[in-house]
Every structure is written in C-alpha cells, then in structure tokens.
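K.L.:
First the structure, which I've put down as structure tokens, then a few questions once you've had a look.
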Amino acid sequence: MNPITLFLVIACALVGLALGKTVDLFLAPPFLVAAVIIALSLKMANTWQKFVVLRAGKLQGVKGPGLFLIFPIIDNVVAVIDERIQTTAFNAEQALTKDTVPVNVDAIIFWHVHDARKAALEITDYRQAIDRVAQTSLREMIGSSMLAALLSDRKAADEHLRDEIGNKTAGWGVSVTSVEIRDVAIPVALQDAMSRQAQAEREKQARVIRGSAEAALQLRAMNTIYETTKERGTTILIPTSMVDSMNPAAALVLAGQRTPGEGVPSLKSVA
C-alpha cells in the first residue's frame, strides 16, 4: 500500500472510531467501509512503473505513473512493470566454436520494457524468457564464429548478439540496449599452444629483421668498395673472409673446390 492510500485509510478509520465513541455508534461503520474501499481502489504508480489492469478478465488499461482508481472486486492489477533499464548476466559453458574449440563465455545484457501491455500479456515470465533467449543466442553466435574472431573482435560479437536478442524480444515489448561479452575462457592447453605459436612468430620476425640488417650491411660494404675502386689506378687489399661474406654463392663454390690440405689465402686484391 502506498503512503497516500495508507494515510487516507488510517484517517477514515480514526474519524469513524472517534465519532462512534463520542457522537453516535452508527456513524463509525460508514467511515470504516470508506477506509476499506479506499484501500482497495486507490493505487499509486511511481514514475518508472506501469500497472496492467484487467476488468472482469479483459484488459481495462495500463495505468501510471501517479494516482489512479480501480473498481474493487471487478478490477484486478495483474502486473506491475518496471520500465527502468535492467541487467541480466548469462553465460555459455563448453560451447564449441566453428573451429571446434570449447570455450566458456560470460556476458551481460542491458534491456528495458517499452510496452508494458505486451510484457504482461504476451508472455508468462518475460525476465526468464530474456535469460533463455540470451543464452541460446550466445551459443548460436559461438558456434558460427572462429576462435580468433571471437577473441579479437568483441565489438562485432556484441553488436551481433544485441541484434539477435533484440529481434526475438521485440514482440514481448522488450528492447535490448546493449550486450557486452565480459570474458572468453579457453582451455589451458590451448593457451599454452597459442603462447608457443606467438613466440615462434616473434622469433621468425626477429630472424627476418636480422637477415635484412645483415644484407644491408653487405650492400653498404660493397658500395664502399665500389666507391673506393671506381677510379683507375686504385688498388685495395680486402680480407678473403670479407669478400666471402659479401658473396655467399662464390664462397660455397670455393669451399667445395678446396681440399682439407689446401691453404686459404688471407688477402685478395681488387683493382
């Protein structure tokens, strides 16, 4: 009972009792009956509430916010709908992705009732139905997604879930504001394998960078030699190892032609 109705009921009851004791006993019953009628008929809805009222089993209307009257006995408030934004947490355990990887996904949905009549009359329990629909949609989304996409593109997954759940709940008078995936848990063994793969990729990239740097140094050395010897009459002595390092193919040929007992010249001249 709301405060205004409670105050009026108590006031009527006290007035009736006071008149019955001081003036006439027969004056008390009308005030007591009025107090009962007020208690049964005067309702108040807060600004975020809607009262769904049936009259003799048929929809009489949706009342609120504020004070309103109903007819006792023939009118019945069948639902009080909260139109504020609500949150519902849901999850999917051991759901298989498109590439058959089992994952545990936790998510949360933000929703609100935009049509109190539908929420009260079109479905038995809209809160429970939202939870079931959210779980089903989450499993369907996981089953149609690759693990890499699920881990890297959370925003797209959130928007997909919001649209899917919203399409299913619109007929119940419920709008989905947003869906947020909070956590995606994968098996420990797969985490280790992904860690090793990432490490291998980083090592591969490091080797490529190192090879590019060595090639650049060789080109720089060759350019230095060219700049030094391009004028006629200039002679420069270069260690054999340096020449071999700048010409790997020639070094392999020379290595194949040498015998273990042959000496290796220490210098080469370039004119």
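K.L.:
Kindly check whether there is at least one residue in the range 214-223 that is at pLDDT 75 or above, in a helix (DSSP H, G or I) and within 30 Å of the chain's Cα centre (by Cα).
P.N.:
no
K.L.:
Taking the range 49-60 only, how many residues are within 10 Å of residue 80 (Cα to Cα) and surrounded by fewer than 19 Cβ atoms within 10 Å (Cβ to Cβ)? Spell out how you get there, then give the answer.
P.N.:
Restricting attention to the range 49-60, the residues satisfying the condition of being within 10 Å of residue 80 (Cα to Cα) are 49-53.
With the extra rule that they be surrounded by fewer than 19 Cβ atoms within 10 Å (Cβ to Cβ), the set shrinks to 49.
Final tally of qualifying residues: 1.
K.L.:
Given the conditions (1) at pLDDT 90 or above; (2) among the hydrophobic types (A, V, I, L, M, F, W, C); (3) over 22 Å from residue 77 (Cβ atoms), and given that residue 37 satisfies all but one, which numbered condition is not satisfied?
P.N.:
Here residue 37 clears every test but (3).
K.L.:
Could you tell me whether the range 156-163 includes any residue that is in contact with a Leu (Cβ under 9 Å, 6 or more places away or on another chain) and within 12 Å of residue 184 (Cβ to Cβ)?
P.N.:
Filtering the range 156-163 down to residues in contact with a Leu (Cβ under 9 Å, 6 or more places away or on another chain) leaves 157, 161.
Retained after the next criterion (residues that are within 12 Å of residue 184 (Cβ to Cβ)): 157.
For the range 156-163, residues in contact with a Leu (Cβ under 9 Å, 6 or more places away or on another chain) and within 12 Å of residue 184 (Cβ to Cβ): present.
K.L.:
Cβ-Cβ distance below 6 Å, separation of 6 or more or different chains: which pairs start in the range 142-155 with a residue that is among the aliphatic types (A, V, I, L, M) and end on one that is loosely packed, with under 13 Cβ neighbours inside 10 Å?
P.N.:
Between residues of the range 142-155 that are among the aliphatic types (A, V, I, L, M) and residues that are loosely packed, with under 13 Cβ neighbours inside 10 Å, the close pairs are 146/99; 147/99.
K.L.:
A further question follows. Only one of 45, 95, 89, 79 is surrounded by 15 or more Cβ atoms within 10 Å (Cβ to Cβ), closer than 30 Å to residue 183 by Cα and within 43 Å of the chain's Cα centre (by Cα); which?
P.N.:
95
K.L.:
Considering the range 159-174 alone, what residues qualify as being surrounded by fewer than 15 Cβ atoms within 10 Å (Cβ to Cβ) and not aliphatic (A, V, I, L, M)? Full working, then the answer.
P.N.:
Within the range 159-174, the first condition is being surrounded by fewer than 15 Cβ atoms within 10 Å (Cβ to Cβ), and the residues that meet it are 159, 163, 167, 170-171.
Of everything in the range 159-174, those that are surrounded by fewer than 15 Cβ atoms within 10 Å (Cβ to Cβ) and not aliphatic (A, V, I, L, M) turn out to be 159, 163, 167, 171.
K.L.:
Same structure, new question: Just to be sure before I move on: is residue 22 more than 51 Å from the chain's Cα centre (by Cα) and either in the same structural domain as residue 117 (by TED's automatic domain parsing) or of a type in the set (Ser, Thr, Tyr) (or both) in the structure I sent?
P.N.:
On the way: more than 51 Å from the chain's Cα centre (by Cα): yes; either in the same structural domain as residue 117 (by TED's automatic domain parsing) or of a type in the set (Ser, Thr, Tyr) (or both): yes.
Spelling it out, residue 22 is indeed more than 51 Å from the chain's Cα centre (by Cα) and either in the same structural domain as residue 117 (by TED's automatic domain parsing) or of a type in the set (Ser, Thr, Tyr) (or both).
The values are calculated or read from the model by the stated rules, or taken from the named source; none is laboratory data. Quick caveat, the model's predicted, so the values are computed rather than measured. Reconstructed Cβ throughout: ideal geometry from the backbone, glycine too, with neighbour counts over all protein chains shown.
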